[in-house]
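The values are calculated or read from the model by the stated rules, or taken from the named source; none is laboratory data. Bear in mind that the values here come from a model prediction, so they are computed numbers and not experimental data. In this analysis, Cβ positions are derived from the backbone assuming ideal geometry, glycine residues included, and neighbour counts consider all displayed protein chains.
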Amino acid sequence: MRIFIILIFLLISSNTFAKTKFSEVRKALKEDGYGKAIPEKFHHLNSPKATNPVSVSDFSIIGNKSIRFESNNGECWQEPKWSDCENDRERTELYYKKKPWKKNRWYRFYIYLPKDYNSIAPAKMSLIQWKRHKPSKVLVMFQHTHAGLTFNRNGDSFKDSHVVLKPNEELLGNWTEIIFNTNWHPKSDKGYMKVWIDGNLKVDFKGASNTKKGKELSLRYGLYSSFMSRFKTVFDTQTMPQRVIFFDGVKEETSCEKLIDSDKCQKLMSQSINKYDFYLYGKYDKKLKINSIMKLSSNSLK
């Protein structure tokens, strides 16, 4: 009888923690109408030992399902030429195919960070990022920081900068709509980037939005923790807290009208912005400092 009970417990446990298949995640994203944002696979550096890295959730704002990402202490992995474990990183992400930069791109994401989200600032947390290839370098990231949701033109490719998009008081516990438009052009007189948060223009940048060597790029999103030792040092711990985020309504198109309805497009395109809230990132800041956010002109974004 005791052996029978143990077997039943093991069966229940294995079903409870059974990992979600990539096909289930792709189906849930497709049901929301993902347009050209067709996911290719789980990121190859997601840990196969992770408890519940990517799953389909009934908690949603678009349709009936969303994608839940969970990252726990020690859930890192390696490949022949790179190790997240040895390079102060952990991740659980979806990966998208490489694409040429030559077309105008419109992207939409809904993200939800729970009210009790465990921030790992001042360690870096990328929620959405695009990388160019050959060589592989980051272009831009949407990050979570002490300042909240920030837009990072990454130091791999540009002058590193962080624009505050939504403070934590408004971000945590609420769905946030991100709309991002760019043509990924490497020329300063042709490139541009625009970001709207919950329908409000937050970034309107004109200038190089790629590098001449960046002919292909790829999207990935979820939870990508890096420089975790900064968190461990500041908070005197060796354990990273559990991190959870939900993504919904992820979509990519070649025009605003294909991404959303035309009336909303007109409202978005009629807006302008002259000043940004810049976050001055501190590697070992324990919390947001009063002088860490500066209001600067849009010309300050390079």
Quiz item: Which one of these is crowded, with 18+ Cβ neighbours inside 10 Å, under 15 Å from the mean Cα position of the chain (by Cα) and polar (S, T, N, Q): Asn168, Asn154, Asn181?
Solution: Asn154
Practice problem: Take the range 253-302 and flag every residue that is acidic (Asp, Glu), without any contact (Cβ under 8 Å) to a residue 12 or more places away in the chain and not in a loop (DSSP other than H, G, I, E, B). | Solution: Glu257, Asp263
Self-check item: Every residue from the range 58-79 that is hydrophobic (A, V, I, L, M, F, W, C), within 21 Å of Gly249 (Cα to Cα) and buried (at least 19 other Cβ atoms within 10 Å of the Cβ)
Solution: Ile67, Phe69
Practice problem: Being more than 15 Å from the chain's Cα centre (by Cα) and more than 25 Å from Glu216 (Cα to Cα) narrows it down to one of Pro122, Pro135, Pro80, so name that one. | Solution: Pro122
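Among the residues in the range 266-276, are any within 20 Å of the chain's Cα centre (by Cα) and either surrounded by fewer than 13 Cβ atoms within 10 Å (Cβ to Cβ) or among the hydrophobic types (A, V, I, L, M, F, W, C) (or both)?
Of the range 266-276, the ones within 20 Å of the chain's Cα centre (by Cα) are none.
Scanning the range 266-276, I find no residue that is within 20 Å of the chain's Cα centre (by Cα) and either surrounded by fewer than 13 Cβ atoms within 10 Å (Cβ to Cβ) or among the hydrophobic types (A, V, I, L, M, F, W, C) (or both), so the answer is no.
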Practice problem: Filter the range 87-103 for residues that are at pLDDT below 95 and either farther than 25 Å from Ser55 by Cα or in contact with a Leu (Cβ under 6 Å, 6 or more places away or on another chain) (or both) and give the result. | Solution: Lys99, Pro100, Trp101, Lys102, Lys103
Practice problem: Scan the range 50-61 and report the pairs whose first residue is over 16 Å from Arg26 (Cα atoms) and touching a residue at least 12 places away in the same chain (Cβ under 8 Å) and whose second residue is crowded, with 19+ Cβ neighbours inside 10 Å and among the β-branched types (Val, Ile, Thr), with Cβ atoms within less than 8 Å and a gap of 6+ or a chain change. | Solution: Ala50/Thr92
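Counting only residues that are within 13 Å of Met240 (Cβ to Cβ) and either in contact with a His (Cβ under 8 Å, 6 or more places away or on another chain) or among the β-branched types (Val, Ile, Thr) (or both), which one in the range 80-94 is surrounded by the fewest Cβ atoms within 10 Å (Cβ to Cβ)?
From the range 80-94, those within 13 Å of Met240 (Cβ to Cβ) are 84-85, 88-92; that's our starting set.
From what's left, either in contact with a His (Cβ under 8 Å, 6 or more places away or on another chain) or among the β-branched types (Val, Ile, Thr) (or both): 91-92.
On the way: Arg91: 23, Thr92: 25.
The qualifying residue surrounded by the fewest Cβ atoms within 10 Å (Cβ to Cβ) is Arg91.
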Exercise. Go through the range 223-252 residue by residue and tally those that are among the charged types (D, E, K, R), touching a strand residue (DSSP E or B) at 6+ places or on another chain (Cβ under 9 Å) and in a helix (DSSP H, G or I).
Key: 1
Quiz item: In the range 83-118, which residues are more than 23 Å from Met193 (Cα to Cα) and not in a strand (DSSP E or B)?
Solution: Asp84, Cys85, Glu86, Asn87, Asp88, Leu113, Pro114, Lys115, Asp116, Tyr117, Asn118
